[in-house]
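The values are calculated or read from the model by the stated rules, or taken from the named source; none is laboratory data. Not measured: the values here are computed from a predicted model. FYI the Cβ positions are ideal-geometry reconstructions off the backbone, even for glycines, and counts take in every protein chain you see. The area values use the complete protein model at the heavy-atom level, side chains included, leaving out ligands, DNA and RNA. Shrake-Rupley method; radii C 1.70, N 1.55, O 1.52, S 1.80 Å.
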Amino acid sequence: MVCISKMSAAKTDNEVTPLHGERVTSQRLLILRIIREGEGHMDAEELYRRATEEDPRISLSTIYRNLRLFKRIGLVEERYLGEGHHHYELRRPTQHHHLVCLGCGRVIEFECPQTEQMREDVAKANDFEITDTEVYFAGYCSSCRKKRG
Ligand SMILES: [Zn+2]
Ligand SMILES: [Zn+2]
């Protein structure tokens, strides 16, 4: 027992993320690693493509099943960034929002304290407990605007 707590205390951010009692499988670790390395904002298809490069036995339904699991235990957040895609990223302690480029698909993150304030105000005004906020702005990034002239 002592051994186990020592080990988990020594874990760094880059090491295995605890799966909250769920079975740790190599496929689960692979999917989490790809989400981490992919700088977030990958949709399930892209995740699937990258995962099969490393493990050809992985199926798209395995990807979806595990994404649902990661979401349920709070490891991963699902973001709705337009175009009918759900993007996935590791949950982080600070709230952030997204700019989505319609030209190249780039996703830029930003933090905005005003949305925190808005959330509080709206919750108070409507006596509503808000558990999730999704803000994204769609448009064109600077390099796409240059290309368009
Ligand atoms: Zn762009
Ligand atoms: Zn993000």
Quiz item: Residue check, residue 54 against (1) more than 16 Å from ligand 2 (Cβ to nearest atom); (2) under 17 Å from residue 138 (Cα atoms); (3) open to solvent by 60 Å² or more (accessible area, probe 1.4 Å), all met but one. Which one?
Solution: (2)
Quiz item: Which of the residues that make up region 102-149 are among the polar types (S, T, N, Q), over 21 Å from the mean Cα position of the chain (by Cα) and surrounded by 11 or more Cβ atoms within 10 Å (Cβ to Cβ)?
Solution: 143
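Can you report the number of residues in region 21-41 which are polar (S, T, N, Q) and either in a helix (DSSP H, G or I) or within 16 Å of ligand 2 (Cβ to nearest atom) (or both)?
Restricting attention to region 21-41, the residues satisfying the condition of being polar (S, T, N, Q) are 25-27.
Keeping just the survivors that are either in a helix (DSSP H, G or I) or within 16 Å of ligand 2 (Cβ to nearest atom) (or both) gives 26-27.
Residues that pass the stated criteria total 2.
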Quiz item: Only one of 64, 88 is touching a residue at least 12 places away in the same chain (Cβ under 8 Å) and open to solvent by less than 50 Å² (accessible area, probe 1.4 Å); which?
Solution: 88
Quiz item: What are the pairs, 6+ residues apart or on separate chains, where a residue within region 116-140 that is under 28 Å from residue 101 (Cα atoms) has its Cβ under 6 Å from a residue that is of a type in the set (Gly, Ala, Ser)?
Solution: 130/123; 138/82; 140/103
Practice problem: Exactly one condition in (1) within 16 Å of ligand 2 (Cβ to nearest atom); (2) closer than 24 Å to residue 19 by Cα; (3) surrounded by 14 or more Cβ atoms within 10 Å (Cβ to Cβ) is not met by residue 94; state its number. | Solution: (3)
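Would you point out which residue out of 47, 99, 69, 75 is in contact (Cβ under 8 Å) with a residue 40 or more places away in the chain, within 16 Å of ligand 1 (Cβ to nearest atom), surrounded by 14 or more Cβ atoms within 10 Å (Cβ to Cβ) and among the aliphatic types (A, V, I, L, M)? Give the steps one after another, and end with the answer.
Values: 47 fails: within 16 Å of ligand 1 (Cβ to nearest atom); 69 fails: within 16 Å of ligand 1 (Cβ to nearest atom); 75 fails: within 16 Å of ligand 1 (Cβ to nearest atom).
After ruling out the rest, the residue left standing is 99.
Is it the case that residue 100 is aliphatic (A, V, I, L, M) and at pLDDT 90 or above?
On the way: aliphatic (A, V, I, L, M): yes; at pLDDT 90 or above: no.
The answer is no for residue 100.
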Quiz item: Hey, among the residues in region 132-149 that are within 19 Å of residue 81 (Cβ to Cβ) and assigned to a loop (DSSP other than H, G, I, E, B), which one's farthest from ligand 2 (Cβ to nearest atom)?
Solution: 140
